[in-house]
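Sharing a structure here in structure tokens format.
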């Protein structure tokens with residue numbers, strides 16, 4: 001997901017002097033150019049180093065062969081974008097450096113902070129940036145937003161003259177993403193900026209939802225024509241099974257799950273293996289952490305907050321949160337719900353659990369809450385149709401309270417790009433210019449389509465690249481090809497983003513020293529509670545949950 005820009009010939013010294021104070025804020029970029037280097041911003045000379053998670057092909061592999069492999073899709077996206085950027089700024093060198101996964105990048109940056117050799121920018125998550133800020137290494141770029149020369153909505157023409165650019169305006173940026181990026185830091189500044197984004201969707205086996213009567217029609221087929229991939233074996237319902245409505249509320253979803261257990265006894269009876277893990281389950285939410293945080297937000301239960309002390313920041317250990325987790329445990333005990341941690345092992349030696357998407361495509365799970373970035377995996381089945389839906393809302397009705405008409409909230413997922421102070425002023429400016437180009441209309445659309453991420457710009461949805469997919473949405477059937485399903489599901493993902501963004505449904509949580517530890521802690525406590533097979537009565541569940549919260553809270557605050 002990304003895009004475009006540039007600048008003008010002979011700026012006067014007065015203009016340069018203006019630029020020296022126009023772009024930058026508190027701890028941000030102090031000047032746009034070094035007046036002694038040039039009066040022509042388009043001739044700025046600098047090297048931008050970007051540490052990312054884009055796997056680079058081996059030097060022995062031909063580029064043609066490498067481009068044909070999905071492993072290198074993002075690397076070549078960036079390489080092509082750099083080539084286009086250099087047509088505008090031939091004196092700016094952009095170098096992308098693969099540093100491994102997101103955690104590996106964080107470790108590399110922390111090491112570089114200690115040695116004083118940080119990159120110009122790095123792929124990140126907000127929790128990582130909290131540490132960079134504390135170390136005094138992170139750079140605020142908010143002062144560049146409205147800069148007269150290189151701010152949002154500015155580029156250059158062929159002669160180097162500054163012109164307006166509709167493809168990089170601030171108003172065209174997804175305002176949810178932009179607001180949440182700054183909101184997550186206690187001072188409201190922009191040490192990072194949105195890049196490739198995603199959320200969560202409720203993916204359902206629509207064929208199962210629609211079917212009335214026994215058996216399912218259709219001829220199972222192999223995925224990609226590879227015989228090693230299991231065919232989809234449709235579950236067989238009781239003859240009395242009726243059509244299920246797609247729930248918009250968790251109380252209704254749980255009621256549907258109970259009907260599923262009754263309607264598909266052959267699927268859901270004896271659905272726990274010798275390890276105590278589910279071999280089939282009506283509902284699965286991949287991420288225990290995301291479920292916990294999303295439910296807390298929708299139920300108005302404190303989780304974390306920016307504050308001066310640990311007590312002000314770490315709020316999840318409270319009575320309402322325990323009530324929420326106890327209810328989720330009861331659904332789990334009924335065999336209605338699991339997270340990925342409770343699915344059977346796909347590789348027991350390595351501790352890998354099965355993916356919910358695989359469970360759906362194998363007819364062993366009918367509702368899966370999964371990242372939109374992985375939505376195309378639901379295309380892998382043979383003779384069934386999956387549909388992608390808004391996530392349902394959670395309200396007091398899950399405890400027997402009043403049901404509301406509120407809409408659901410979803411966590412804004414996916415990495416951002418952060419910036420570093422160590423860079424020279426010219427390098428800082430060049431890095432901002434590269435970021436703006438990378439996230440313009442066309443580039444953000446290209447990356448989005450290639451990897452099923454959300455474009456970060458509204459205008460990207462009007463590009464031919466995205467329109468082709470959104471127009472394909474809803475046109476597939478159970479018998480459609482993998483390619484057609486993949487295109488349609490990506491189109492459905494984009495429609496979800498438009499809905500979530502329009503209704504301001506995205507959640508971002510505060511980031512601070514312990515925010516990452518909080519997320520890990522609530523994920524661990526959910527796993528502890530749901531893995532336990534001994535707590536069956538209300539009193540036992542209450543005691544189990546109380547201990548899990550106490551242990552999780554101690555694990556955070558003792559840090």
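Looking at the stretch 88-106, which of its residues are closer than 17 Å to residue 428 by Cα and in a loop (DSSP other than H, G, I, E, B)?
89, 90, 91
Just wondering, is there one or more residues in the stretch 536-543 that are part of a loop (DSSP other than H, G, I, E, B), touching a helix residue (DSSP H, G or I) at 6+ places or on another chain (Cβ under 9 Å) and more than 30 Å from residue 273 (Cα to Cα)?
No, the conditions are met nowhere in the stretch 536-543.
Additional query: Test of understanding: among 473, 460, 504, 480, which residue is surrounded by fewer than 23 Cβ atoms within 10 Å (Cβ to Cβ), within 30 Å of residue 419 (Cβ to Cβ) and either modelled with pLDDT of 95 or more or in contact with a helix residue (DSSP H, G or I) (Cβ under 8 Å, 6 or more places away or on another chain) (or both)?
The conditions single out 504.
Also, quick follow-up: Does the stretch 414-424 contain at least one residue that is in a loop (DSSP other than H, G, I, E, B) and either crowded, with 23+ Cβ neighbours inside 10 Å or in contact with a strand residue (DSSP E or B) (Cβ under 6 Å, 6 or more places away or on another chain) (or both)?
yes
Taking the stretch 86-95, which residues are surrounded by fewer than 19 Cβ atoms within 10 Å (Cβ to Cβ) and touching a helix residue (DSSP H, G or I) at 6+ places or on another chain (Cβ under 9 Å)?
90, 91, 93, 95
Any residue at all in the stretch 209-224 that's modelled with pLDDT of 90 or more, crowded, with 17+ Cβ neighbours inside 10 Å and under 27 Å from residue 331 (Cα atoms)?
Looking for residues that are modelled with pLDDT of 90 or more, crowded, with 17+ Cβ neighbours inside 10 Å and under 27 Å from residue 331 (Cα atoms), one finds at least one in the stretch 209-224, hence yes.
Residue pairs, Cβ under 6 Å, 6 or more apart or interchain, first in the stretch 316-340 and without any contact (Cβ under 8 Å) to a residue 12 or more places away in the chain, second part of a helix (DSSP H, G or I) and surrounded by fewer than 22 Cβ atoms within 10 Å (Cβ to Cβ). List them.
none
May I pose another question? Could you identify the single residue in 346, 274, 294, 326 that is closer than 29 Å to residue 554 by Cβ and surrounded by fewer than 21 Cβ atoms within 10 Å (Cβ to Cβ)?
326
Return yes when residue 520 is crowded, with 18+ Cβ neighbours inside 10 Å, part of a helix (DSSP H, G or I), touching a residue at least 12 places away in the same chain (Cβ under 8 Å) and not assigned by TED's automatic domain parsing to the domain that holds residue 75 and no when it is not.
When the stated conditions are applied, residue 520 does not pass them.
Tell me, yes or no, whether the stretch 107-127 has at least one residue that is surrounded by fewer than 18 Cβ atoms within 10 Å (Cβ to Cβ), in a helix (DSSP H, G or I) and touching a strand residue (DSSP E or B) at 6+ places or on another chain (Cβ under 7 Å).
Taking every residue of the stretch 107-127 in turn, at least one turns out to be surrounded by fewer than 18 Cβ atoms within 10 Å (Cβ to Cβ), in a helix (DSSP H, G or I) and touching a strand residue (DSSP E or B) at 6+ places or on another chain (Cβ under 7 Å).
Here's something else I'd like to know. Just one of 444, 431, 405, 439 is without any contact (Cβ under 8 Å) to a residue 40 or more places away in the chain and either buried (at least 22 other Cβ atoms within 10 Å of the Cβ) or not assigned by TED's automatic domain parsing to the domain that holds residue 76 (or both); which is it?
Of the residues listed, the single one that is without any contact (Cβ under 8 Å) to a residue 40 or more places away in the chain and either buried (at least 22 other Cβ atoms within 10 Å of the Cβ) or not assigned by TED's automatic domain parsing to the domain that holds residue 76 (or both) is 405.
Okay, moving on. Could you say which residue among 493, 511 is at pLDDT below 95, over 23 Å from residue 473 (Cβ atoms) and surrounded by 22 or more Cβ atoms within 10 Å (Cβ to Cβ)?
Unique residue meeting the criteria: 511.
Ok, one more. Considering only the stretch 524-533, I want to know if a residue exists there that is out of contact with any helix residue (DSSP H, G or I) (no Cβ under 7 Å at 6 or more places or on another chain), under 27 Å from residue 325 (Cβ atoms) and in the same structural domain as residue 277 (by TED's automatic domain parsing).
no
Tell me the residue from 158, 112 that is farther than 17 Å from residue 422 by Cα and without any contact (Cβ under 8 Å) to a residue 40 or more places away in the chain, please.
Going through 158, 112 in turn, the sole match is 158.
While we're looking at this one, here's another question. Tell me, which helices (runs of 4 or more DSSP H) lie completely within the stretch 296-391 with 3 or more residues that are touching a helix residue (DSSP H, G or I) at 6+ places or on another chain (Cβ under 7 Å) and assigned by TED's automatic domain parsing to the domain that holds residue 258?
319-333, 356-361
Residues of the stretch 459-479 being touching a residue at least 60 places away in the same chain (Cβ under 8 Å) and part of a loop (DSSP other than H, G, I, E, B), which ones?
476, 477, 478, 479
Evaluate the stretch 155-165: report whether one residue or more is over 30 Å from residue 109 (Cα atoms), within 29 Å of the chain's Cα centre (by Cα) and not in a strand (DSSP E or B).
Within the stretch 155-165, one or more residues are over 30 Å from residue 109 (Cα atoms), within 29 Å of the chain's Cα centre (by Cα) and not in a strand (DSSP E or B).
The values are calculated or read from the model by the stated rules, or taken from the named source; none is laboratory data. Just so it is clear, the model here is predicted, and its values are computed rather than measured. In this analysis, Cβ positions are derived from the backbone assuming ideal geometry, glycine residues included, and neighbour counts consider all displayed protein chains.
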